[in-house]
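Taken together, the values in this text are just the output of simple stated rules run on the coordinates, not laboratory data. Predicted model only: the values in this text are computed from it and were never measured. Backbone-built Cβ (ideal geometry, glycine too); neighbour counts: all protein chains shown.
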Amino acid sequence: MLKTDILIVGSGISGLFFAMKTAKKRPDLSIVIMTKKMAKNTSTQLAQGGIAVVTNLLQDSFEQHIQDTLKSGGGQCDEEIVKMVVEQAPERLKELLEIGTSFDKNQNGQWDLGLEGGHSQHRILHHKDRSGLEIEKKLLNIITELPNIRLFENYQVIDLNTEKKENETHCTGAFFYDKNENKIKYIRCRSIILSTGGCGNLFENTTNPEIATGDGIAIAARAGVEIEDMQYIQFHPTALYTGKKSQLFLISEAVRGFGAYVVNEDQKRFLFKYDSRGELATRDIVSHAIHKEMHETQKKHVYLDCRHLDMKAFYKKFPAITSHCNELGLFPEKDLIPVVPAAHYQCGGIKVDRNSATAIPNLYAVGECARTGLHGKNRLASNSLLEALVFAHQASENIDKTIELYQFSSKVLIPKFPNKEIKTDYVAFLILKKEIQALITNFYSSEERNTDYAIHKIKLIKNAAETLIHNQEITIPFIEFSNMLTVALIIIKHCKKRKSPYILSLN
Ligand code: SIN
């Protein structure tokens, strides 16, 4: 029977940073990182913009970063958390630099700080337009060198096991699907960290990778942990429009920070009608304005106009964006780039305290799946990688002090699910997943937001799925589908409780 002191689910920046710090500090503890695909298949590695840190104290200050974050969050942030994250940023950055992470510098050898929407100062450290990839690679290198960490790829966690001890619920292990052997197994552990990312794939258009199906939210909800603020889904204003409903390539906000304009069909800028900051207003405002423009002009997209920019500098700063556009026959020096808003980031999630702990004290959540109080209604650009580092650090410090309170459960659980993979259900669940995406996209974009109707539709989809499940067999498509269904229902219910700030039409 498998056993580890600490189980981490997910291999993005938050899970890996936690693993690295904890493994170094506590070589006596065994750590398993489980990830449902290959370790590098994460949202982190798609992050282009970078990481917001106050480094230039001559022009910038913690107070300004705090105020920008609070303003972007629309009065819904937890001020103490915002202060903690902003003030910790330089220390966490130092740790990234110590493992060899490289961020761009200017000719004077100083950080080449980028500007993004909602920031009053240039403060984004970046590695060209591949910041997340650089961080992910450096962390994965370290992880493989640490002897007390095991990395399990192609392992899909299904559910947590909890036990009640003296009126307190503890997590004692997890059931998971080992895709390599097509078997459902159980792992015992003393502490669990969920770092499973977001739920962008509940929407037809998203910048997220296909692994982002809200698994951590669904798993935590089934374990009885509180989920908060799932009505606050952030839409990135500038995903590359292709005419397809699918994962869309991101055109980083840093491109607007570098001076690109957002223009309509008549090649006119229109964002100043909505906010005096124009292209550099916060994402909620820019996405909303683009949506209105698309609606009023009956067009399927707007454009990014880069033609007036210093193109030599542009290509140097944005090589990945340039080469992706070029592959599609788009040349930013002469062509307008068609863009639309797309689901990008889940501001809510599993409710955690400042130590990343949930209401189940040995269950933690870090990264996008956690609701920490930092983002409020609308995350400030490039605050997500920062949040992941800070809360991974907090969790690591906390576990170091508390893990002795949690011993392995003596119960050895035999997986309750039969081991059988039905290949034929793949297509059926793919169709049902698309139904969820259409439902959530339409629900989120409609003025009315008819929750009763949406819940009724969820029930219909659930009924259709039940006819597909023979003898309780659990398969990978079924696991992802049921997580998506659970999260869809949570989003609908949270939207009923509290309206999200803007209605977005993504059709
Ligand atoms: C971007 O590069 O525009 C995305 C960065 C972020 O989501 O903060």
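Mean residue ellipticity at 222 nm from the helices of the chain, using -39,500 (n - 2.57) per DSSP H segment of n ≥ 4 over the full residue count, to the nearest 500 deg cm²/dmol? Can you show the working numbers first?
Details: 13 runs with 181 residues, N = 507.
Computed ellipticity for the chain at 222 nm equals -11500 deg cm²/dmol.
At what distance in nm do the modelled label points of Gln110 and Tyr453 sit from each other, each positioned 7 Å from its Cα along Cα→Cβ?
For Gln110 paired with Tyr453, the spin-label model returns 5.6 nm.
From a point 7 Å beyond the Cα of Glu79 in the direction of its Cβ, which residues of the stretch 373-391 have a backbone N at a distance under 17 Å?
373-377
Output the antiparallel fraction of DSSP beta bridges having both residues in the chain, as a percent to the nearest 5.
Details: 37 of 60 bridges.
Rounded to the nearest five, the antiparallel share is 60 percent.
Measure nothing fancy, just the Cα-based angle from helix 131-145's long axis to the longest principal axis of the chain, in degrees from 0 to 90, nearest 10.
30
Taking square-rooted eigenvalues a ≥ b ≥ c of the alpha carbon gyration tensor, is the stretch 131-269 rounded, prolate or oblate, where a/c under 1.5 means rounded and, failing that, a/b exceeding b/c means prolate? Before the final figure, lay out each step's value.
Working: a/c = 2.45, a/b = 1.87, b/c = 1.31.
Prolate, since a/c reaches 1.5 and a/b exceeds b/c.
Can you tell me the length gained on complete extension of the stretch Phe408 to Glu91, counting 0.36 nm per residue apart and subtracting the Cα distance? Spell out each step's value before the answer.
Values: separation 317, 0.36 × 317 = 114.12 nm, distance 3.36 nm.
Gain on stretching Phe408 to Glu91: 110.8 nm.
How large is the Kirkwood hydrodynamic radius of the stretch 161-219, in angstrom, based on all distinct alpha carbon pairs?
Details: mean 1/r = 0.0729 Å⁻¹.
About 13.7 Å, per the Kirkwood formula over Cα pairs.
Work out from phi, with θ = phi - 60° and the Karplus expression 6.51 cos²θ - 1.76 cosθ + 1.60, the ³J(HN,Hα) of each residue of the stretch 104-120, listed in order in whole Hz, and give x for Gly and Pro.
Going residue by residue, I get 5, 10, 8, 4, 8, x, 9, 4, 8, 7, x, 10, 9, x, x, 8, 7 Hz, with x marking Gly and Pro.
Report the extension gain between Lys273 and Lys40 in nm, rounded to one decimal, defined as 0.36 nm multiplied by the number of residues separating them, less their alpha carbon distance. Intermediate values should be presented prior to the final figure.
Values: separation 233, 0.36 × 233 = 83.88 nm, distance 4.12 nm.
That pair, Lys273 and Lys40, stretches by 79.8 nm at full extension.
With a ≥ b ≥ c the root eigenvalues of the C-alpha gyration tensor of the stretch 332-463, is it rounded (a/c under 1.5), prolate (a/b larger than b/c) or oblate? Provide the component values of the computation, followed by the final result.
On the way: a/c = 1.99, a/b = 1.20, b/c = 1.66.
Verdict is oblate for the stretch 332-463.
In whole Å, what is the distance between the alpha-carbon centres of the stretch 428-490 and the stretch 58-91?
Using only Cα atoms, the two centres lie 37 Å from each other.
Using alpha carbon coordinates only, what is the Rg to Rh ratio of the stretch 71-209, with Rh defined as the Kirkwood radius? Before the final figure, lay out each step's value.
Details: Rg = 20.1 Å, Rh = 19.5 Å.
Dividing the radius of gyration by the Kirkwood radius yields 1.03.
How large is the direction-averaged shadow of the alpha-carbon convex hull of the stretch 57-150, in nm²? Present the calculation step by step, with values, prior to reporting the outcome.
Working: hull surface 31.7 nm².
Taking a quarter of the hull surface, the average projection is 7.9 nm².
Starting with the fewest neighbours, write out Arg277, Arg371 ranked by other beta-carbon atoms found within 10 Å of each beta-carbon. Intermediate values should be presented prior to the final figure.
Working: Arg277 15, Arg371 23.
Starting with the residue having the fewest Cβ neighbours, the order is Arg277, Arg371.
As a footprinting exposure proxy, order Leu115, Leu248, Leu202 by other Cβ within 10 Å, with the fewest listed first. Please list the in-between numbers first.
Values: Leu115 19, Leu248 25, Leu202 28.
Placing the least packed residue first, the sequence is Leu115, Leu248, Leu202.
From the cross-link list Lys457/Lys496; Lys36/Lys401; Lys37/Lys377, which pairs have alpha carbons spaced over 25 Å apart?
Values: Lys457/Lys496 15 Å; Lys36/Lys401 29 Å; Lys37/Lys377 31 Å.
Exceeds cut-off: Lys36/Lys401; Lys37/Lys377.
Plugging the Kirkwood radius over Cα pairs into Stokes-Einstein for the chain, at a temperature of 10 °C and a viscosity of 1.306 mPa s, what D comes out in µm²/s? Show your work: numbers first, answer last.
Working: Rh = 23.2 Å.
It diffuses with D of about 69 µm²/s by this estimate.
To the nearest 0.05, what FRET efficiency results for Lys137 and Lys493 with a Förster distance of 51 Å applied to their C-beta separation? Mind dumping the intermediate values first?
Working: r = 39 Å, r/R0 = 0.76.
Rounded to the nearest 0.05, the efficiency is 0.85.
Compute the long axis of helix 384-402 from its Cα atoms, compare it with the longest principal axis of the Cα atoms of the chain, and write down the angle in degrees, 0 to 90, nearest 10.
So the inclination is approximately 30 degrees.
Once you compute Rg and the Kirkwood Rh from C-alpha atoms, what is the Rg to Rh ratio for the stretch 1-132? Before the final figure, lay out the partial values.
Details: Rg = 17.1 Å, Rh = 16.8 Å.
Across the stretch 1-132, the Cα-based Rg/Rh ratio is 1.02.
How would Thr196, Thr4, Thr22 line up from fewest to most surrounding beta-carbon atoms within 10 angstrom?
Details: Thr196 37, Thr4 24, Thr22 28.
Lowest count first: Thr4, Thr22, Thr196.
Per-residue HN-Hα couplings for the stretch 211-216, Karplus 6.51 cos²θ - 1.76 cosθ + 1.60 at θ = phi - 60°, whole Hz, x for Gly and Pro?
Values, residue by residue: 6, 7, 10, x, 4, x Hz.
How much length is gained on full extension from Ser446 to Ala313, taking 0.36 nm per residue of separation minus their Cα-Cα distance?
Working: separation 133, 0.36 × 133 = 47.88 nm, distance 4.09 nm.
Value of the extension gain: 43.8 nm.
7 Å from Cα along Cα→Cβ at both Ser246 and Glu265: what's the point-to-point distance in nm?
The two pseudo-label positions are separated by 2.6 nm.
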